[in-house]
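Before any comments, here is the structure.
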């Protein structure tokens, strides 16, 4: 079952990462939907370690791209070069040709380089010169950005932000968790001993089965009403797109499968709306000046839209 495999993945990751049950579940949901995740938090929280632990646990190929202002699109996708031995042009693959790609500090690259990821994230392919090449499956981009330090950064355009299935914050560990981190990393790096607990073929099979999770008409309409409410909220200048509706629908199916169900509940929609919709809405300037956040607005939307209730 999907829930059993995901439990193995979660337990394996947690031999390295202390706590963060909710964050790991969201990453597993993104994995089952083959969607991408934007990890936004301060440095030193463990974003890179989490991405590496996940890639190793899945048995997937992993590449890390350190985004800097001088990074070129070809540094991401790869280039054709002339091989003097064979007297022919050959393709040298870039780091994006991996199954799990960590785009570290993605907002430090120029918009031109950021756009090199757009086709890869949406179409699962890259185009170099006149050649179009498919990316390996499963394909997952984990991008990190620091929300505090803005000097030398280029904010992601809305078109790219919308391509991230989820936006996740790790947050600081509790006092107990921070003590456990010291003990866990006291002598050895647990990443070195980590081993895969599944494989890409099994992941592809799970992704296909997740789409078969049943969604009743009332729950489907509830997801639609939640997203549409973001467009009508007085504090919102730009609401979530239909891609956001589809993301909420797919992630709810994945969450149901992770919890051992073959049907989606309204609670799945409620639990996932903040991670799915927060980065897809733009609040108006007056709301921002009052110190309100998109997270608060999405919380209001969830409270205001009535959930379907089963009648006996």
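For the reader, a short list of remarks on this structure follows.
- Within segment 238-262, if we keep just the residues that are surrounded by fewer than 14 Cβ atoms within 10 Å (Cβ to Cβ) and in contact with a strand residue (DSSP E or B) (Cβ under 9 Å, 6 or more places away or on another chain), the residue that is farthest from residue 297 (Cα to Cα) turns out to be 262.
- Residue count for segment 127-149, restricted to those that are exposed (fewer than 15 other Cβ atoms within 10 Å of the Cβ), under 16 Å from residue 109 (Cβ atoms) and in contact (Cβ under 8 Å) with a residue 24 or more places away in the chain: 0
- No other residue among 283, 298 is in contact with a helix residue (DSSP H, G or I) (Cβ under 8 Å, 6 or more places away or on another chain), crowded, with 16+ Cβ neighbours inside 10 Å and modelled with pLDDT of 90 or more apart from 298.
- Subset of segment 35-93 that is exposed (fewer than 15 other Cβ atoms within 10 Å of the Cβ) and on the phi > 0 side of the Ramachandran plot - its residue that is nearest to the chain's Cα centre (by Cα): 44
- Within the option set 118, 102, being at pLDDT 85 or above, within 18 Å of the chain's Cα centre (by Cα) and outside any loop (DSSP other than H, G, I, E, B) holds for one residue only, 102.
- Residue pairs meeting the criteria (Cβ under 7 Å; at least 6 apart or on separate chains; first in contact (Cβ under 8 Å) with a residue 24 or more places away in the chain, in segment 201-213; second surrounded by fewer than 17 Cβ atoms within 10 Å (Cβ to Cβ)): 204/137; 213/262; 213/263
- Under the condition of being assigned to a helix (DSSP H, G or I) and touching a strand residue (DSSP E or B) at 6+ places or on another chain (Cβ under 6 Å), the residues counted in segment 263-275 number 1.
- Complete set of residues in segment 65-110 that are out of contact with any helix residue (DSSP H, G or I) (no Cβ under 7 Å at 6 or more places or on another chain), within 19 Å of residue 40 (Cα to Cα) and touching a residue at least 40 places away in the same chain (Cβ under 8 Å): 101, 105, 107, 108, 109, 110
The values are calculated or read from the model by the stated rules, or taken from the named source; none is laboratory data. Note that the coordinates shown come from a computational prediction; the quantities given were computed from them, not determined experimentally. Cβ sites come from the backbone with ideal geometry, for glycine too, and all protein chains shown count toward neighbours.
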